[in-house]
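These notes are about the structure you will find just below.
The values are calculated or read from the model by the stated rules, or taken from the named source; none is laboratory data. Since we're looking at a predicted model, the values are computed, not measured. Here the Cβ is made from the backbone with ideal geometry for all residues, glycine too, and neighbour counts use every protein chain on show.
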Amino acid sequence: MPRFVDTHCHLAMKDFSEDLPEVMDRAAEAGVERILVVGSDEAGSIDAFGLVKRSGAGRLFTAVGIHPHESSSASSGIPGTVAEMVRDPKVVAVGETGLDFFYDHSPRDVQERVFSEHVALARKVKKPLVVHVRDAYGEALKILRREKADECGGVIHCFSGSLEDAIAAIDMGFFISFAGPLTYPGNGPLRETAAVLPLERLLCETDAPYLSPQPKRGRRNEPANVAYVYQTLAQIRGLTLEVCAANISLNASRLFRWGAE
Ligand SMILES: [Zn+2]
Ligand SMILES: [Zn+2]
């Protein structure tokens with residue numbers, strides 16, 4: 001049976017408060033061995049951190065940071081709690097951070113400043129970045145370059161940019177992660193990008209509870225569904241599911257340094 005990793009989801013959100021044990025069981029049954037639980041704001045990062053610390057050995061890891069939607073809440077700097085948690089060994093990355101000019105929930109100048117501060121923090125603690133970008137690839141790549149993000153590396157999660165954007169990120173040492181949208185019929189160009197990028201730079205994720213893959217679209221997403229993303233990627237790359245999954249797991253271990261499978 002193939003063994004998967006889900007490199008981005010939000011298990012500490014209230015969407016999972018009713019049935020988290022069942023969600024975790026289904027993930028285990030589907031072969032999902034490791035899960036990165038991502039924080040999006042100060043409270044959410046504390047919740048993600050707490051969940052992962054309570055979970056004990058091996059399966060859950062976390063990233064803490066302030067999502068671009070929430071940048072305004074960090075306009076006077078990254079909260080001290082986040083900067084403190086990030087030093088814990090269970091915290092394998094800084095984020096999610098980035099730029100979202102599609103929703104513009106926070107002013108763009110604030111998003112850019114808070115994003116830059118996350119890059120500085122990641123470089124300081126020598127951990128990779130989890131980067132969210134929507135309709136702002138040019139600006140985000142510019143900031144990553146200016147702030148020397150190649151020194152810490154990271155992942156562009158739920159990738160939605162062009163082939164050129166992906167190559168520019170990879171050239172800075174970044175990984176490209178695909179989520180449910182890779183399975184959507186309308187996303188042919190995204191699949192064409194996934195087909196030609198270097199396999200050793202790719203990751204898969206759910207971004208649960210959001211963005212359920214095609215067969216489950218419209219319902220709450222969960223880590224077990226990451227298998228659909230792997231299936232699509234395997235098909236695009238002409239790989240067996242087992243080989244595809246083994247490669248992606250290895251990539252995740254290289255990026256997050258969370259130990260071998
Ligand atoms: Zn995101
Ligand atoms: Zn996310």
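Of note:
- When PRO185, PRO215, PRO209 are checked against the criterion of being within 16 Å of ligand 1 (Cβ to nearest atom) and surrounded by fewer than 19 Cβ atoms within 10 Å (Cβ to Cβ), a single residue qualifies: PRO209.
- Boolean, ARG201 is at pLDDT 95 or above and either within 16 Å of ligand 1 (Cβ to nearest atom) or under 27 Å from ALA140 (Cα atoms) (or both): yes
- Residue in region 136-149 that is closer than 18 Å to HIS69 by Cβ and within 13 Å of ligand 1 (Cβ to nearest atom) present: yes
- Any pair with Cβ under 6 angstrom, 6 or more apart, that starts in region 197-211 at a residue that is free of Cβ contacts under 8 Å to residues at least 12 places away in the same chain and in a strand (DSSP E or B) and ends at one that is acidic (Asp, Glu) and away from ligand 1 (no atom under 12 Å from the Cβ): none
- Selection from region 1-36 of residues that are more than 19 Å from ALA245 (Cα to Cα), within 16 Å of ligand 1 (Cβ to nearest atom) and either of a type in the set (Phe, Trp, Tyr) or crowded, with 22+ Cβ neighbours inside 10 Å (or both): HIS10, LEU11, ALA12
- Restricting region 75-93 to residues that are within 14 Å of ASP41 (Cβ to Cβ) and of a type in the set (Val, Ile, Thr), the residue that is nearest to the chain's Cα centre (by Cα): VAL82
- The residue of region 37-84 that is nearest to ligand 1 (Cβ to nearest atom), among those that are within 20 Å of ARG254 (Cβ to Cβ) and surrounded by fewer than 20 Cβ atoms within 10 Å (Cβ to Cβ), is ARG59.
- Scanning region 7-24 for residues that are among the hydroxyl-bearing types (Ser, Thr, Tyr) and within 16 Å of ligand 2 (Cβ to nearest atom) yields one hit, THR7.
- Number of the exception - ARG220 against (1) more than 22 Å from ALA28 (Cβ to Cβ); (2) in contact (Cβ under 8 Å) with a residue 60 or more places away in the chain; (3) not aromatic (Phe, Trp, Tyr): (1)
- Of the residues making up region 140-178, those that are out of contact with any strand residue (DSSP E or B) (no Cβ under 7 Å at 6 or more places or on another chain), hydrophobic (A, V, I, L, M, F, W, C) and either on the phi > 0 side of the Ramachandran plot or touching a residue at least 60 places away in the same chain (Cβ under 8 Å) (or both) number 0.
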